[in-house]
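Okay, structure first, notes after.
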Amino acid sequence: MTKGKPSNRHHDTDQVVVAVSRKVIKGHEHEYEAWVNKIAKLAAGFRGYMGANIFRPSSGSRIYTTIYRFDNHQHAAAWQTSEEHIAAVSEIAPIVEGEEDRSTLTGLEVWFDRDDVASPPPHPIRWRMSVVLFCVVFVLLNTLLTLLAPAIGNWPRLIQTALVVGIQVILMTYLIMPKVNLLLAKWLYK
């Protein structure tokens, strides 16, 4: 996990999820949630913004986690270093305690970001992530090959592969993995 600035070790073209956790002073929960809605609307005005989620504290905790999604690292960094973001963050200083905890996920890790818990860890359990990816890739690849074979069966193998892999990656990123992640979240992060 990184504190403060996002990590620069990721590729600029990877989808980015920025997770920010803050401990809210007791009695200021509604004020903080209103602020999160405000800052998400501000972020929506920035290029590459793909949405935000707020995760309320689990029982006995006061830590809120907000997840921001951007289409690439450069756009996420532009938002995080913008005057609007800096000004908005300074507004909540009186209602939070301690430093924020900020982490950045990119690449395959984005497929496994959690949408069901108050404070997600930065990574799922790797061997479980591998099992899920193997199963999804195997089923989807065989399904696509079967469905597309009549139309592309005579095409050169390289073009067939490029088409099938392209369709597979798009389906996994935007449709399949978010749903699989929700269904298997407890197992992936146990």
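Taking the range 59-83, which residues are of a type outside the set (A, V, I, L, M, F, W, C), in contact with a Phe, Trp or Tyr (Cβ under 8 Å, 6 or more places away or on another chain) and part of a helix (DSSP H, G or I)? Correct list: HIS75 only. Within the range 48-77, being among the polar types (S, T, N, Q) and either in contact with a helix residue (DSSP H, G or I) (Cβ under 8 Å, 6 or more places away or on another chain) or at pLDDT 90 or above (or both) holds for THR66, GLN74.
In the range 141-153, the residues that are more than 16 Å from VAL169 (Cβ to Cβ) form Cβ pairs under 7 Å with partners that are modelled with pLDDT under 95, at six or more places apart or across chains, as follows: ILE152/GLN160; ILE152/LEU163.
Only one of the numbered conditions (1) under 23 Å from TYR174 (Cβ atoms); (2) of a type outside the set (A, V, I, L, M, F, W, C); (3) within 18 Å of the chain's Cα centre (by Cα); (4) at pLDDT 85 or above is not met by GLY45, and that is (3).
For the range 46-73, the tally of residues that are out of contact with any Gly (no Cβ under 9 Å at 6 or more places or on another chain) and closer than 16 Å to VAL89 by Cβ stands at 6.
The values are calculated or read from the model by the stated rules, or taken from the named source; none is laboratory data. Just so you know, these numbers come straight off a predicted model, no measurement behind them. Note that we place each Cβ from the backbone using ideal geometry, even for glycine, and neighbour counts take in every protein chain shown.
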